[in-house]
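Quick one: structure below, then a few questions.
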Amino acid sequence: MGGETILIHGTNGEQGYIGGAICAERAALLQLGHHKDPKIKKVIVTTDSESPIAPGVLCREYLLSHASPDTVVVMANGESTRVSRATLQELYPCQYIYRYQRRKDVLCYATDFASNTSPVTNDVYPGAEELFRRTLAVIPFDGHTSLHPLQLAAGVLYSNGDVEVTWMLKALGNSGGVCCV
Amino acid sequence: MLCLIICIENVSCFFFAFLLIEYGNTLDPVSQLVVGMERRRVQAMQSEHSEQSDSQAFPPALPKVLLMLDQFGVCHAPYAQARSILTEHSYGHVLCVVHDTFGQVSLHTASSLVPAPSGDFPLTHADFLKIEED
């Protein structure tokens, strides 16, 4: 930051219901808000266990919203006798296409991006066209666009030809936030 | 963003709390689909052991391919939570239809979207499930 390299620490926190746990990576990343235009140079994950631990999937996704895909993640055990390295790209392929877009810009960006996408045809997978069509049809059920303008739906094709589709259920809540107290 | 000031024995500490309205309670659609996958899997198991079954409602069948798309028809890879659920609950083989950053569509297995780091790394993310309780 401002040419200076500083070290930011974070630790994980668990609670009775594991779903509300906060991991060390995100605990550290939240502190970036104290600084202006921070640039993440490297991520280091260490543990008191015998083996190194990689960032969990949620944190890999979260890290990619704050750092470039070629950012190196160093993973070490407690004794630093076993060290592994990987880039965020290697740890989390197929990142969210709109991850750098602000909410007010995402529709414009998505419209432009979609105009250059290749179609989903049965050449991709037998039955993919029907799956795509039926999934797109339920997009309008993803309401609450006031929360976020992007609407999402998903569909799955089964081995017997069945198709099941559903849509995003948006909810307003601050469970995505962290109170440092 | 809120600021909390705690005064302890004449020492003032300032804390900033980030309340991020990122709809953290949202249920992504792929995670919801896993419920249906599980229902079929359980019913397949039950139908093997019982003459009476409700298998006609949800015929036993394997999920083969899924996709998540937005209103513009762009196919996105499942979000992190869904990737974890698919991989850790034996659906890593399911193919995901994804548009890449160049707009080209391709298929990826769910497990390939949660890769283990290469090298000296005995534990993959999903291997945590195999750890027995002491």
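Does A:E90 meet the test of being touching a Phe, Trp or Tyr at 6+ places or on another chain (Cβ under 9 Å) and surrounded by 11 or more Cβ atoms within 10 Å (Cβ to Cβ)? Reasoning before the result, please.
On the way: touching a Phe, Trp or Tyr at 6+ places or on another chain (Cβ under 9 Å): no; surrounded by 11 or more Cβ atoms within 10 Å (Cβ to Cβ): yes.
No.
Taking the stretch B:47-86 as the search range and keeping residues that are farther than 16 Å from A:D162 by Cβ and modelled with pLDDT under 80, which one is surrounded by the fewest Cβ atoms within 10 Å (Cβ to Cβ)?
Start the filter on the stretch B:47-86 by keeping residues that are farther than 16 Å from A:D162 by Cβ, which leaves B:48-53, B:68-86.
Next cut, modelled with pLDDT under 80 only: B:48-53.
Values: B:E48: 10, B:H49: 7, B:S50: 10, B:E51: 5, B:Q52: 7, B:S53: 15.
Only one residue fits best here, namely B:E51.
Report, by residue number, each residue of the stretch A:106-124 that is out of contact with any helix residue (DSSP H, G or I) (no Cβ under 8 Å at 6 or more places or on another chain) and surrounded by 12 or more Cβ atoms within 10 Å (Cβ to Cβ). Quick ask: steps written out before the conclusion?
So the first thing to find is which residues in the stretch A:106-124 are out of contact with any helix residue (DSSP H, G or I) (no Cβ under 8 Å at 6 or more places or on another chain), and the list is A:106-119, A:123-124.
The answer is A:V106, A:L107, A:Y109, A:A110, A:T111, A:F113, A:A114, A:T117, A:S118, A:V124.
Can you report the number of residues in the stretch A:1-59 which are hydrophobic (A, V, I, L, M, F, W, C) and under 21 Å from B:A116 (Cβ atoms)? Break it down stepwise before answering.
Just the residues of the stretch A:1-59 that are hydrophobic (A, V, I, L, M, F, W, C), to begin with: A:1, A:6-8, A:18, A:21-24, A:27-30, A:32, A:40, A:43-45, A:53-54, A:57-59.
Applying the additional criterion that residues be under 21 Å from B:A116 (Cβ atoms) yields A:23-24, A:43-45, A:53-54, A:57-59.
Number of matching residues: 10.
Among the residues of the stretch A:140-162, write down those that are of a type in the set (V, I, T) and modelled with pLDDT of 95 or more.
Step one: filter the stretch A:140-162 for residues of a type in the set (V, I, T), giving A:145, A:156.
A:V156, the sole residue that qualifies.
Here is a yes/no grid of residues against (1) hydroxyl-bearing (S, T, Y); (2) on the phi > 0 side of the Ramachandran plot; (3) more than 7 Å from chain B (Cβ to nearest Cβ); (4) in contact with a Gly (Cβ under 9 Å, 6 or more places away or on another chain):
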site	(1), (2), (3), (4)
A:L88	no, no, yes, no
A:L91	no, no, no, no
A:V124	no, no, no, no
A:R134	no, no, yes, yes
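Residue-by-condition table, conditions (1) more than 29 Å from B:S31 (Cα to Cα); (2) within 14 Å of chain B (Cβ to nearest Cβ); (3) touching a residue at least 60 places away in the same chain (Cβ under 8 Å); (4) surrounded by fewer than 15 Cβ atoms within 10 Å (Cβ to Cβ):
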| position | (1), (2), (3), (4) |
| --- | --- |
| A:Y17 | no, yes, no, yes |
| A:A28 | no, yes, no, no |
| A:G33 | yes, yes, no, yes |
| A:V43 | no, yes, no, no |
| A:G56 | no, yes, no, no |
| A:R99 | no, yes, no, yes |
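Which is more than 7 Å from chain B (Cβ to nearest Cβ), in contact (Cβ under 8 Å) with a residue 24 or more places away in the chain and in contact with a Gly (Cβ under 6 Å, 6 or more places away or on another chain), of A:V138, A:V106, A:V83, A:V165? Even if it seems obvious, please write down each step before you answer.
Numbers: A:V138 fails: in contact with a Gly (Cβ under 6 Å, 6 or more places away or on another chain); A:V106 fails: in contact with a Gly (Cβ under 6 Å, 6 or more places away or on another chain); A:V83 fails: in contact with a Gly (Cβ under 6 Å, 6 or more places away or on another chain).
Exactly one residue qualifies, and that residue is A:V165.
The values are calculated or read from the model by the stated rules, or taken from the named source; none is laboratory data. Computed from a predicted structure; not experimentally measured. So basically every Cβ, Gly included, is an ideal-geometry build from the backbone, and we count neighbours across all protein chains shown.
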